[in-house]
Amino acid sequence: MFATSSQPITGVKRELEDAKTPGAKKKVSFATTPSEEAPTTPGGAPPPSTATKYKDRSNGGTLVEVQNKHLARREPWADVAARAAPCVVRALTAGDVAALTRSPPGDDPSRPAVGAATKYRHMFTPPGERSAALDASARHVGDAMLAARKLTEPDAEATPVGAVAPNPSFFLGRVCLDALDGKLNKASVALEGDRRDGGYRAKLDLSAVESSYALFPGQVIGVDGCAPHDDGTIVARALTLGAPPPKAATPKEQIPGRAAPDQPPASIWVAAGPFTTSDDLEYQPLLDLLAAAKAAKPDVVVLLGPFVDADHPAAKRAQLDADGDEPVDAATLFVLKVAWELDRLLESSDCHAQFVLAPSTRDLVSEPVYPQPPLGAAADEAGDKPSWQDEFPLGSLELPKSDRVHLVGNPGLFSVDGAVVAVTATDVLFQLSSQEIFENKRDGAEVAALPRVARLASHLVSQRSFYPLFPAPAMASTVAEAPVDLRQHAKWRLPVAPDLLIAPSRLAPFARDVGGTLVLNPGHLAKNAGGGTFAQLAVHPHAELAGDAVAADLPARSRVEITRI
């Protein structure tokens, strides 16, 4: 990625492994504008609920936010069932993504496009492999930025970080803190280069940058500037904040299911755990969601963990009792409260929905590592797994045996009627919100025009990564919310710009168009002892199919309602 230089290399050489920089805890909230839509509950809008208990809530069914109000909801199922084709849902492989982006399929086109397919050995990555993984992930984004630059400047090359460069130059590297401890700010930003060029860190002087920018630790950026001094300090003039991956386009003759122009809108529901309140293990919010799904008959229901939350007070006390009886293990609780309820719904003649399930790193029924294999995944064929998986095996989750249940990892990538859907159950948006520094120069730049929540989400796309932060900030949780295994860094890359990116977060629920990607935070179905929110999408069909390949254009043809359970 970096060209060699005959000039002397200076600066401070980094240690083999980066010291962690715990971020200070910060309360973040974003106000949402109440919807002007009529509430979905009969009799008009109820007064705001002041109850804390789920059973005492009075605002269930009301709308929190609506995106694309001009688009209609899907008609009742009875009115469209006769003419509606079934939605086509499938987990995407590397070969599928290569076909959608017209790129080489790679060595194993049958492997999942993102995430881990099986359990694997983790917590055994030595420092040398961690450093190599960091360099590889930086080169992945850096090479894309350099390739984009060469389209207009064929002779463009990158100058190594730490080199003395008095003339205008282009540098590539990872944003980091210039100290061992503290929090990133404009005066403490450093740029870290590739270890093949010495792995130097140089201070980044941002005082002369004229355009708006947003930076965070771990971000791979390009810097136009110079380094006139012996200490390698880079005086930046302009910043390149990443390189988005290619967009997907489906051949016109392969447009499946409900995306064809003569079809009714497809109904997609999205909910993220916890699925039970903090004062019991009755899973009433999940039961209410499934009952609503049985009545409304959506086409696809996406459920993201945690299903059995490690942060639940009962889990912390090691007293998971299913019905107030004897304590059970996490797998048994999942079977009783989640798997069997799904099974009952799938066996019902009133339900035709397809379900997509993905775990969370807070799940007690899945591997506590990122990237995370799907629920119920077996160990890899080589048997490369930690010993505790043999000594303390997880019981069977008894997941429904149905072709209408699709299991993806965390992160995961699947398609619905040709539209690419990316999911991550790790709250990366909240973590980014506490680590990002933003400078608004009032210059009309894209990064300045975006609302804050949309800007945070844009980092995932521009960095081609479901988790671009490094190091992961310290969070107040029973388990680390981002226990990343750097050896698996390639499995949380974002190989294609998704049409829909689902990223549940503690931030206020929202739906935003970010550069052609519909980014959705559905909120959490349960919040402490009270109810939370979920999202309902009505994805309208293409108005017409023009050209040989058709982009999904999901933000323009999707009505999104974020609803209180």
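The values are calculated or read from the model by the stated rules, or taken from the named source; none is laboratory data. Computed from a predicted structure; not experimentally measured. Virtual Cβ from ideal backbone geometry, glycine too; neighbours counted across all protein chains shown.
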Check: Within the stretch 165-174, is even one residue on the phi < 0 side of the Ramachandran plot, surrounded by fewer than 18 Cβ atoms within 10 Å (Cβ to Cβ) and in a loop (DSSP other than H, G, I, E, B)?
Finding: no
Notebook entry, point to check: Just one of the numbered conditions (1) within 30 Å of Ala482 (Cβ to Cβ); (2) surrounded by 17 or more Cβ atoms within 10 Å (Cβ to Cβ) is not true of Asp311; which one?
Noted result: (2)
Next item on the list: Answer yes or no: is there a residue in the stretch 483-498 that is part of a loop (DSSP other than H, G, I, E, B), surrounded by fewer than 24 Cβ atoms within 10 Å (Cβ to Cβ) and in contact with a His (Cβ under 7 Å, 6 or more places away or on another chain).
Entry: yes
Check: Of the numbered conditions (1) in a loop (DSSP other than H, G, I, E, B); (2) surrounded by 13 or more Cβ atoms within 10 Å (Cβ to Cβ); (3) at pLDDT 85 or above, Ala51 satisfies every one except a single condition; which is it?
Finding: (3)
Next item on the list: Return the only residue of Leu429, Leu413 being crowded, with 24+ Cβ neighbours inside 10 Å, at pLDDT 90 or above and either assigned to a strand (DSSP E or B) or of a type in the set (A, V, I, L, M) (or both).
Entry: Leu413
Note to self: Between a residue in the stretch 279-302 that is at positive phi and any residue that is assigned to a helix (DSSP H, G or I) and buried (at least 20 other Cβ atoms within 10 Å of the Cβ), which pairs come within a Cβ distance under 8 Å, given they are 6 or more apart or on different chains?
What the structure shows: Tyr283/Lys337; Tyr283/Val338
Check: Before we move on, is Ala310 closer than 30 Å to Lys491 by Cα, touching a Gly at 6+ places or on another chain (Cβ under 6 Å) and not charged (D, E, K, R)?
Finding: no
Checklist line | So Asp197, is it among the charged types (D, E, K, R) and touching a Lys or Arg at 6+ places or on another chain (Cβ under 8 Å) | finding: no
Next item on the list: Give me the pairs, please: first residue somewhere in the stretch 142-154 and more than 14 Å from Leu239 (Cβ to Cβ), second residue anywhere and modelled with pLDDT under 90, beta-carbon distance under 7 Å, and either six or more positions apart or on two chains.
Entry: Asp143/Met1; Leu146/Met1; Leu146/Ala156; Lys150/Ala156
Check: Failed condition for Leu191, given (1) touching a residue at least 60 places away in the same chain (Cβ under 8 Å); (2) under 21 Å from Arg464 (Cα atoms); (3) buried (at least 21 other Cβ atoms within 10 Å of the Cβ), with all others met?
Finding: (1)
Check: Could you say whether any residue in the stretch 381-404 is touching a strand residue (DSSP E or B) at 6+ places or on another chain (Cβ under 6 Å), part of a strand (DSSP E or B) and at pLDDT below 90?
Finding: no
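Do the conditions hold for Asp143, that is, is it surrounded by fewer than 20 Cβ atoms within 10 Å (Cβ to Cβ) and modelled with pLDDT under 90?
The answer is no for Asp143.
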Notebook entry, point to check: Looking at the stretch 126-137, is at least one residue over 30 Å from Pro451 (Cβ atoms), aliphatic (A, V, I, L, M) and in contact with a His (Cβ under 6 Å, 6 or more places away or on another chain)?
Noted result: yes
Next item on the list: Name the one entry in Arg90, Arg73, Arg83 that is within 17 Å of Ala419 (Cβ to Cβ), in contact (Cβ under 8 Å) with a residue 12 or more places away in the chain and of a type outside the set (Gly, Ala, Ser).
Entry: Arg90
